[in-house]
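In what follows, a structure is listed as structure tokens, so that the remarks can point back to it.
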Amino acid sequence: MSVTQINLRPWREERNARLQKSFVTNLVMAALLGALTVYGIIYFYDFQTDRQRARNNYLTQEIAKLDKKLEEIRELKRQRERLLERLNAIQELQGNRPIIVRNFDEMVRVLPDGIHYSSLTRSGEAINVDGLAAVNEDVSELMRNLNSSIWFGEPNLSRVNAQNAQRSFNLRVPLTKPKAEEADQ
């Protein structure tokens, strides 16, 4: 006699349950893997952002240091310019000292007979001359001599007055600076 066995177990439900469990497990694993991937990407970008922030801060600090050094350099340049201006002023004063002596020496050289100076005053880049002359021609000769000198410009006669057989005159003579080779002659 043969015995037939009837499978009473619900094999389809078990198979469906097993497939569903496998599906849920795969779904959870995929979700975990997705979450880990997203977390990793976020962590990577945060890490890169922090690194870039650190670089930016470093650059900002270095730029601030360089700006400070640039300001120091500008201040040093301003000081240098002020010192150069002072040095030039001192050199000009030192250089003009012999010129003033030379100008007054030249005033004596151009003086014709018959004239004498009563006052010589320097105002800026000119000399004012007050003097007495015997005749008007002596004043003219003085003006020609001043004009032919390399140390003076063209004189400007402002007045001539006759007093007791003498001529009182006033003229203004601009000063010039001859070139070095002219001054040595």
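No lab work stands behind these numbers, since they all come straight from the coordinates. Everything numeric in this text was worked out from a predicted model, so none of it was measured. Ideal geometry is used to build each Cβ from the backbone, glycine not excepted, and the neighbour counts take in all protein chains shown.
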When only C-alpha pairs under 8 Å and at least 6 residues apart count, what is the relative contact order of the range 48-132, in percent? 13
Each label point is 7 Å from the Cα along the Cα-to-Cβ direction; what then is the distance between the points at A30 and S168, in nm? 12.4
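Below 8 Å between Cα atoms, with a sequence gap of 6+, how large is the relative contact order for the chain in percent?
It comes to 13 percent, rounded to a whole number.
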Rounded to the nearest 500, the 222 nm mean residue ellipticity computed for the chain from DSSP H runs (n ≥ 4, each -39500 (n - 2.57)) alone is -23000 deg cm²/dmol
Ratio to report: Rg/Rh of the chain, with Cα atoms as the point set and Rh obtained by the Kirkwood method; give two decimals. 1.99
7 Å from Cα along Cα→Cβ at both K177 and T37: what's the point-to-point distance in nm? 8.5
With Cα atoms, 0 to 90° folded angle of helix 136-148 axis to the chain main axis: 30
